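K.L.:
I am attaching a structure below and will ask some questions about it afterwards.
The values are calculated or read from the model by the stated rules, or taken from the named source; none is laboratory data. Keep in mind that what you see is a predicted model, and the values were worked out from it rather than measured. Every residue, glycine as well, gets a Cβ built from its backbone with ideal geometry; the counts of neighbours run over all protein chains shown.
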Amino acid sequence: MRVLVTGATGMIGRGVVAALAARGDEVVALSRDPERARALLGAGVEAHAWPEPQLTPPPQPPLERSDALVHLLGEPVAQRWSPEAKRRIRDSRILSTRQLVAALRAAGDRAPGVLVSQSATGWYGPAGDEQLEETAPAGSDFLAGVVADWEREARAAESTTRVVCTRTGVVLSPGGGALAKMLPFFRLGIGGPVAGGRQYVPWIHLDDVIAALIHCVDDARADGPVNVTAPNPVTNAQLSRALGRALGRPAVLPVPALAIRLLYGEMATIVTTGQRAVPARLRELGFAFRHPDIEPALRDVLGRA
C-alpha cells in the first residue's frame, strides 16, 4: 500500500510513518520542508513540498498515486490561548483540511480510497463523568467549536472517499506531549491531582494511537468519528497516583485550579475539566489495545524515556 501522510514529522506522524514502513508500505510525506522530513523520517520515505497548507492545495501527483491518506496537521493546543494562538489553532486545522479535501475532490476517481483525518476528544467539551461514545453531541467551548468545524471540513470528502475522523485523547509518549510537562514535578515529588482531580482524562498510549490510525486505514468498515482513547479512562487523581507509583514518588500535593488558570489562561479548561470518552467504534471494529490500563502504560512509557 502507498500511504500519504501530512504532519509526518510530528510526534504521532513519526510513529505512523515508522510503523507503515516496518510492515512494508510505501510512505510519502507532505511537508513544508521536504529535506528536513527526509532527514527525520529516513531515506526510504518519499517527501514532497506543501509549503503553504492553509493557502494552497497539496501537489496533485503524489495524492493521486496514493492508496490512503493520513492527515495529522495542526498547531499545538497546549499553549496559552492568546487571540493570535486561537487563530493559529483554528486555521492550521480547518484551512489545511479544506485545501486537502479540495485536492481530493479534484482527483475524483484517482483519489486515495480513505482519508483518516486527525480529530480530538475536545469535540465533547467539558462533560463531567458522563461516558461519551462517538454519538455524543459536540460541546460549546472554543476547542469543541474548532473540532466540530475541523471534522466538517474532512467529511466534505465523503462523496469522494471513505473518511474517518480519529478523535484522539491525551497521548502518553516518551518523547513529548502532556506527560513530558508533568514529569519534572512528579520526579521531584511535588506532583498531584489538579483542580480536585475528579475530572476524567481520556488518555491513550502512543503505540495504540499509531495502531488505531493504521487500523482505520486498513478496515473498510471504519468511517465517521472514532474515539482513539484507552478503554479504561481514569480521573486526574487516578492518573496522578499511578504516575507517582510508577516513579516511586509521592503524588499527593494538590494543584489548585486557580494556579492552572493563572499559568495557562483559558487553555486551563482542558486541564481542569475533561471527558470520559470511550472507544466504542474501535471495540466494534475488533481493535486490540496493547496498553488498556494506565499504570502499566505509564511504566512502559517511562521505561523508554
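K.L.:
Look through segment 104-148, keep the residues that are charged (D, E, K, R) and farther than 22 Å from residue 266 by Cβ, and return whichever of them is surrounded by the fewest Cβ atoms within 10 Å (Cβ to Cβ).
P.N.:
First, the residues of segment 104-148 that are charged (D, E, K, R): 105, 109-110, 129-130, 133-134, 141.
Still in the list and also farther than 22 Å from residue 266 by Cβ: 105, 109-110, 129-130, 133-134.
Numbers: 105: 15, 109: 7, 110: 13, 129: 12, 130: 11, 133: 13, 134: 19.
Here the residue is 109.
K.L.:
Which residues, taken from segment 56-67, are within 14 Å of residue 103 (Cα to Cα) and either touching a Pro at 6+ places or on another chain (Cβ under 8 Å) or among the small types (Gly, Ala, Ser) (or both)?
P.N.:
Step one: list which residues in segment 56-67 are within 14 Å of residue 103 (Cα to Cα), which gives 56-66.
63, 66 - these are the residues of segment 56-67 that are within 14 Å of residue 103 (Cα to Cα) and either touching a Pro at 6+ places or on another chain (Cβ under 8 Å) or among the small types (Gly, Ala, Ser) (or both).
K.L.:
Answer yes or no as to whether residue 230 is in contact with a strand residue (DSSP E or B) (Cβ under 9 Å, 6 or more places away or on another chain) and either surrounded by fewer than 17 Cβ atoms within 10 Å (Cβ to Cβ) or among the basic types (Lys, Arg) (or both). Break it down into steps so the answer makes sense when it comes.
P.N.:
Values: in contact with a strand residue (DSSP E or B) (Cβ under 9 Å, 6 or more places away or on another chain): yes; either surrounded by fewer than 17 Cβ atoms within 10 Å (Cβ to Cβ) or among the basic types (Lys, Arg) (or both): no.
No: the conditions fail for residue 230.
K.L.:
Just checking, does segment 261-270 include any residue being within 30 Å of residue 88 (Cβ to Cβ), at pLDDT 95 or above and part of a helix (DSSP H, G or I)?
P.N.:
Kept after step one, since they are within 30 Å of residue 88 (Cβ to Cβ), are these residues of segment 261-270: 261-270.
Those still in the list that are at pLDDT 95 or above too: none.
The answer is no, given that none of the residues of segment 261-270 is within 30 Å of residue 88 (Cβ to Cβ), at pLDDT 95 or above and part of a helix (DSSP H, G or I).
K.L.:
Could you list, ordered by first residue, the pairs with Cβ atoms under 9 Å in which the first is in segment 192-203 and within 18 Å of residue 246 (Cα to Cα) and in contact (Cβ under 8 Å) with a residue 40 or more places away in the chain and the second is of a type in the set (Ser, Thr, Tyr) and part of a loop (DSSP other than H, G, I, E, B), at least 6 apart or interchain?
P.N.:
That search, which allows pairs on different chains as well, returns 203/229.
K.L.:
Take residue 65 and decide whether it is of a type in the set (Lys, Arg) and within 22 Å of residue 155 (Cα to Cα).
P.N.:
On the way: of a type in the set (Lys, Arg): yes; within 22 Å of residue 155 (Cα to Cα): yes.
In short, yes.
K.L.:
Looking at 78, 43, 68, can you tell me which residue is small (Gly, Ala, Ser), touching a strand residue (DSSP E or B) at 6+ places or on another chain (Cβ under 7 Å) and under 22 Å from residue 16 (Cβ atoms)? Give the steps one after another, and end with the answer.
P.N.:
On the way: 78 fails: touching a strand residue (DSSP E or B) at 6+ places or on another chain (Cβ under 7 Å); 43 fails: touching a strand residue (DSSP E or B) at 6+ places or on another chain (Cβ under 7 Å).
The match here is 68.
K.L.:
Let me ask something else about it. Can you find even one residue in segment 200-218 that is more than 16 Å from the chain's Cα centre (by Cα), farther than 24 Å from residue 72 by Cα and buried (at least 23 other Cβ atoms within 10 Å of the Cβ)? Lay out the reasoning, then the answer.
P.N.:
Restricting attention to segment 200-218, the residues satisfying the condition of being more than 16 Å from the chain's Cα centre (by Cα) are 200, 218.
Subset that is farther than 24 Å from residue 72 by Cα: 200.
Keeping just the survivors that are buried (at least 23 other Cβ atoms within 10 Å of the Cβ) gives 200.
Checked segment 200-218: at least one residue is more than 16 Å from the chain's Cα centre (by Cα), farther than 24 Å from residue 72 by Cα and buried (at least 23 other Cβ atoms within 10 Å of the Cβ).
K.L.:
Would you check if residue 224 is among the small types (Gly, Ala, Ser), within 18 Å of the chain's Cα centre (by Cα) and on the phi > 0 side of the Ramachandran plot? Break it down into steps so the answer makes sense when it comes.
P.N.:
Numbers: among the small types (Gly, Ala, Ser): yes; within 18 Å of the chain's Cα centre (by Cα): yes; on the phi > 0 side of the Ramachandran plot: yes.
In short, yes.
K.L.:
If we scan segment 243-253, do we find a residue that is in contact with a strand residue (DSSP E or B) (Cβ under 7 Å, 6 or more places away or on another chain), touching a residue at least 60 places away in the same chain (Cβ under 8 Å) and either crowded, with 21+ Cβ neighbours inside 10 Å or not in a helix (DSSP H, G or I) (or both)?
P.N.:
Taking segment 243-253 first, the residues in contact with a strand residue (DSSP E or B) (Cβ under 7 Å, 6 or more places away or on another chain) are none.
No; the residues of segment 243-253 include none that is in contact with a strand residue (DSSP E or B) (Cβ under 7 Å, 6 or more places away or on another chain), touching a residue at least 60 places away in the same chain (Cβ under 8 Å) and either crowded, with 21+ Cβ neighbours inside 10 Å or not in a helix (DSSP H, G or I) (or both).
K.L.:
Look through 38, 98, 93 and report the one residue that is touching a strand residue (DSSP E or B) at 6+ places or on another chain (Cβ under 9 Å), touching a residue at least 40 places away in the same chain (Cβ under 8 Å) and basic (Lys, Arg).
P.N.:
On the way: 38 fails: touching a residue at least 40 places away in the same chain (Cβ under 8 Å); 98 fails: touching a strand residue (DSSP E or B) at 6+ places or on another chain (Cβ under 9 Å).
Result of the check over 38, 98, 93: 93.
K.L.:
Looking at this structure, is residue 179 under 20 Å from the mean Cα position of the chain (by Cα), at pLDDT below 95 and crowded, with 20+ Cβ neighbours inside 10 Å? I'd like the intermediate steps shown before the answer.
P.N.:
Working: under 20 Å from the mean Cα position of the chain (by Cα): yes; at pLDDT below 95: yes; crowded, with 20+ Cβ neighbours inside 10 Å: yes.
Judged against the criteria, residue 179 is a match.
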